[in-house]
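Okay, structure first, notes after.
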Amino acid sequence: MKQDHHPDFADHEIEHVAAALWNLEEEGRTALADLRSAVRVADLDATLKRLAARGLAAVEPHRAALTGEGRRLAESVVRRHRLAELLFSAVLDIKDDRTVNRTACVMEHVLSPDVTDSVCAFLGHPKNCPHGKSIPAGPCCRSFSNAVAPLVQPLDRLAVGDLGRIAYIVPRDAERLVRLSDLGVIPGATIRLRQKRPAIVIGIGETTLALDREIAEELYVKKIS
């Protein structure tokens, strides 16, 4: 998806281009032609020169790649963007993907580290954005302990017997979301975790379902006391 650069945040062009390079590298693309089609900035060549001058990117006539320092910068921007996408689309239920992307493009530049970690904890330290791309882990993810459970957490973090309300689902496969929906496994549904091993078993209404662990990892729930 082509990212929209919010006009009120022109000072963040370096972050914007660094994030675009990260996204392209995930797809194995480093050609400048790919970058030009992926970003909207006033003067891409000037921005690339600034990236190179700061040691954030190695720029050649036909390609550009992030340096180690550039990857650290891009990782933080991408993390904020993808967490914002998940917050808006899955939790706030905003359906317009373009609106979600535009708003996330703003939030990626303004969220402080503490607020970013708070959003991440609220979402249950998710691994993937709504489009199935990996969300880079932050300090809060690496120090996460089951002793301090977030408000929303992956299904398998519930204890057997616990009730939970599905907050959102992050499917890696769109068809899987349809299948889950047909079974009543949708945001807002109340489930009870009945078993964790060898398979994860939940009760939903009068139905008992066994879920593959990969599917269970895509369900995020809020525990009901």
Item to check | Pair list, Cβ < 7 Å and 6+ apart or interchain, from region 86-110 residues that are within 20 Å of Gly124 (Cα to Cα) and surrounded by fewer than 16 Cβ atoms within 10 Å (Cβ to Cβ) to residues that are modelled with pLDDT under 90 and of a type outside the set (A, V, I, L, M) | outcome: Ile94/Phe88
Checklist entry - Can you spot a residue in region 56-67 that is under 22 Å from the mean Cα position of the chain (by Cα) and closer than 30 Å to Asp117 by Cα? => result yes
Checklist outcome for this item: Taking first residues from region 150-166 that are in contact (Cβ under 8 Å) with a residue 60 or more places away in the chain and second residues anywhere that are of a type in the set (A, V, I, L, M) and assigned to a helix (DSSP H, G or I), the pairs with Cβ under 6 Å that are 6 or more apart or on different chains are Leu155/Ala216; Asp156/Ala216
Checklist entry - With (1) in contact (Cβ under 8 Å) with a residue 40 or more places away in the chain; (2) crowded, with 16+ Cβ neighbours inside 10 Å; (3) over 14 Å from the mean Cα position of the chain (by Cα) as the list, and Leu123 as the residue in question, which single condition is left unmet? => result (3)
Checklist entry - Looking at region 45-57, which of its residues are farther than 14 Å from His12 by Cβ, among the hydrophobic types (A, V, I, L, M, F, W, C) and either modelled with pLDDT of 95 or more or assigned to a helix (DSSP H, G or I) (or both)? => result Ala46, Leu48, Ala52, Ala53
Checklist outcome for this item: Taking region 108-129 and keeping residues touching a Gly at 6+ places or on another chain (Cβ under 9 Å) and either farther than 23 Å from Glu13 by Cα or among the polar types (S, T, N, Q) (or both) leaves Thr116, Asp117, Cys120, His125
Checklist entry - Does Ile166 count as part of a strand (DSSP E or B) and touching a Pro at 6+ places or on another chain (Cβ under 6 Å)? => result yes
Item to check | Residues of region 63-85 satisfying the condition of being among the acidic types (Asp, Glu) and crowded, with 24+ Cβ neighbours inside 10 Å | outcome: Glu85
Next on the checklist: For a quick check of your reading: which helices (runs of 4 or more DSSP H) sit entirely within region 60-124 and have at least 2 residues that are of a type in the set (Gly, Ala, Ser)?
Outcome noted: 68-86, 113-122
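Matching residues to (1) surrounded by 12 or more Cβ atoms within 10 Å (Cβ to Cβ); (2) without any contact (Cβ under 8 Å) to a residue 40 or more places away in the chain; (3) not in a helix (DSSP H, G or I):
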| residue | (1), (2), (3) |
| --- | --- |
| Arg176 | yes, no, no |
| Leu180 | yes, yes, no |
| Val185 | yes, yes, yes |
| Ile191 | yes, yes, yes |
| Lys223 | yes, no, yes |
Item to check | Exclusive hit being assigned by TED's automatic domain parsing to the domain that holds Thr67, modelled with pLDDT under 90, touching a helix residue (DSSP H, G or I) at 6+ places or on another chain (Cβ under 8 Å) and outside any helix (DSSP H, G or I), set His12, His5 | outcome: His5
Next on the checklist: Please determine whether any residue of region 131-152 is within 21 Å of the chain's Cα centre (by Cα), among the aromatic types (Phe, Trp, Tyr) and part of a loop (DSSP other than H, G, I, E, B).
Outcome noted: yes
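The values are calculated or read from the model by the stated rules, or taken from the named source; none is laboratory data. Bear in mind the structure is a predicted one, so any value in this text is a computation, not a measurement. Quick reminder, even Gly has a Cβ in these numbers, built from the backbone with ideal geometry, and neighbours come from all protein chains shown.
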